[in-house]
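My structure is below; once you've seen it, I'll send some questions.
The values are calculated or read from the model by the stated rules, or taken from the named source; none is laboratory data. Please read these numbers as outputs of a predicted model, since none were measured by experiment. Here Cβ is always computed from backbone atoms with ideal geometry, including for glycine, and neighbour counts include all displayed protein chains.
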Amino acid sequence: MVSIDVWNASVDFPIFDAKSRSLKKLALGKVGGKIGSEGRVPIIEALHDINLSIKEGDRVGLVGHNGAGKSTLLRLLAGIYEPTRGSSRIVGKVAPVFDLGVGMDPEISGYENIMIRGLFLGMTRKEMEKRVDDIAEFTELGDYLQMPLRTYSTGMRVRLALGVVTSIDPEILLLDEGIGAVDAAFLGKARDRLKDLVARSGLLVFASHSDEFLFELCDTGLWMDEGQVKMQGDLREIVTSYKGYDPYERFTPETLDRISQAPVLSGNGGE
């Protein structure tokens with residue numbers, strides 16, 4: 001059974017080249033946490049005293065302002081960052097989706113990038129060969145798939161990356177939202193694919209600024225602030241506390257209907 005457990009974990013980043021306070025502030029804004037020091041070397045404590053237990057079937061939405069530590073936490077949960085203090089244990093195959101463009105080469109074709117991106121996400125070549133036609137159909141890129149990636153617009157690149165990401169079969173899915181560059185019609189297709197992807201995954205941790213996506217894909221929430229877990233529990237309660245208003249009051253009837261029909265959210269249905 002897949003799981004992620006974290007005990008009293010902290011993640012520190014020494015800033016060896018920090019020569020000014022403004023540079024330290026810039027670094028802090030990118031990773032979150034607080035600035036300390038170890039001797040003469042500035043230290044950013046990006047995560048502090050994290051305790052989490054995420055089990056199979058959990059669908060956790062991360063909220064918090066930019067620099068609060070959400071991305072650093074995802075990398076800790078993926079095993080990319082080791083705790084500076086404390087410990088963590090990951091049971092299961094992790095599919096970290098933090099940057100849709102990671103693992104893609106601008107000088108080769110869309111078809112070739114489908115294979116490379118799939119391998120990067122832990123799939124085998126045979127598994128990806130079986131998925132190529134489905135991914136190509138989903139992207140609607142047609143003959144562009146035979147052209148180098150550098151000829152693509154930003155929206156086209158996102159389509160290609162989403163096609164690959166939503167085709168995998170993850171045990172542990174760690175997702176950092178990055179799909180804002182696609183048009184509204186294609187985004188509707190992407191929503192359906194993302195829901196199917198989440199349904200196939202053993203557990204999900206999803207960092208997003210979109211309330212709609214959070215409620216469609218998750219049922220519990222975790223609020224990060226200055227590198228610490230400020231609050232966790234029912235997603236609606238977490239988002240209401242974080243934003244200062246009940247998000248359901250601002251959802252359209254169509255959004256509430258999608259949320260109520262999401263199969264993983266039986267405990268968070270619409271009103």
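Counting just the residues of segment 240-260 that are in contact (Cβ under 8 Å) with a residue 12 or more places away in the chain and either among the acidic types (Asp, Glu) or in a loop (DSSP other than H, G, I, E, B) (or both), which one comes out farthest from LEU194 (Cα to Cα)?
Restricting to residues being in contact (Cβ under 8 Å) with a residue 12 or more places away in the chain and either among the acidic types (Asp, Glu) or in a loop (DSSP other than H, G, I, E, B) (or both), the top hit is ARG250.
A further question follows. Which of the following residues is out of contact with any Cys (no Cβ under 7 Å at 6 or more places or on another chain) and within 30 Å of ILE44 (Cα to Cα): VAL102, VAL158, VAL132?
Values: VAL158 fails: within 30 Å of ILE44 (Cα to Cα); VAL132 fails: within 30 Å of ILE44 (Cα to Cα).
Of VAL102, VAL158, VAL132, the one residue that is out of contact with any Cys (no Cβ under 7 Å at 6 or more places or on another chain) and within 30 Å of ILE44 (Cα to Cα) is VAL102.
Of the residues that make up segment 150-159, is at least one in contact with a strand residue (DSSP E or B) (Cβ under 7 Å, 6 or more places away or on another chain), surrounded by fewer than 20 Cβ atoms within 10 Å (Cβ to Cβ) and part of a loop (DSSP other than H, G, I, E, B)? If you could, list the steps in order and put the result at the bottom.
Step one: of segment 150-159, the residues in contact with a strand residue (DSSP E or B) (Cβ under 7 Å, 6 or more places away or on another chain) are none.
Within segment 150-159, not a single residue is in contact with a strand residue (DSSP E or B) (Cβ under 7 Å, 6 or more places away or on another chain), surrounded by fewer than 20 Cβ atoms within 10 Å (Cβ to Cβ) and part of a loop (DSSP other than H, G, I, E, B).
Could you look through segment 167-189, keep only residues that are buried (at least 17 other Cβ atoms within 10 Å of the Cβ), aliphatic (A, V, I, L, M) and assigned to a loop (DSSP other than H, G, I, E, B), and pick out the one that is modelled with the highest pLDDT?
Among them, the one singled out is ILE168.
Please go through segment 190-209 and pick out each residue that is surrounded by fewer than 22 Cβ atoms within 10 Å (Cβ to Cβ), in contact with a helix residue (DSSP H, G or I) (Cβ under 9 Å, 6 or more places away or on another chain) and within 26 Å of VAL11 (Cβ to Cβ).
Within segment 190-209, just SER208 meets the criteria.
If we only count strands (runs of 3 or more DSSP E) wholly inside segment 24-64, which ones have 1 or more residues that are modelled with pLDDT of 95 or more and polar (S, T, N, Q)? Can you show your working first?
On the way: elements: 34-38, 41-55, 59-63.
Result: 41-55.
If you go through segment 79-132 one residue at a time, how many are among the β-branched types (Val, Ile, Thr), part of a strand (DSSP E or B) and either touching a helix residue (DSSP H, G or I) at 6+ places or on another chain (Cβ under 9 Å) or at pLDDT below 90 (or both)? I'd like the intermediate steps shown before the answer.
The initial filter retains those residues of segment 79-132 that are among the β-branched types (Val, Ile, Thr), namely 80, 84, 90-91, 94, 97, 102, 108, 114, 116, 124, 132.
Those still in the list that are part of a strand (DSSP E or B) too: 90-91, 94, 97.
Add one more test, that the residue is either touching a helix residue (DSSP H, G or I) at 6+ places or on another chain (Cβ under 9 Å) or at pLDDT below 90 (or both), and what stays is 90, 94, 97.
Residues in segment 79-132 being among the β-branched types (Val, Ile, Thr), part of a strand (DSSP E or B) and either touching a helix residue (DSSP H, G or I) at 6+ places or on another chain (Cβ under 9 Å) or at pLDDT below 90 (or both): 3 in total.
Those residues that are closer than 22 Å to HIS209 by Cβ, surrounded by 18 or more Cβ atoms within 10 Å (Cβ to Cβ) and aliphatic (A, V, I, L, M), I need them from segment 59-110; list them, please.
Of everything in segment 59-110, those that are closer than 22 Å to HIS209 by Cβ, surrounded by 18 or more Cβ atoms within 10 Å (Cβ to Cβ) and aliphatic (A, V, I, L, M) turn out to be VAL60, LEU62, VAL63, ALA68, LEU73, LEU74, LEU76, LEU77, ALA78, ALA95, VAL97, LEU100.
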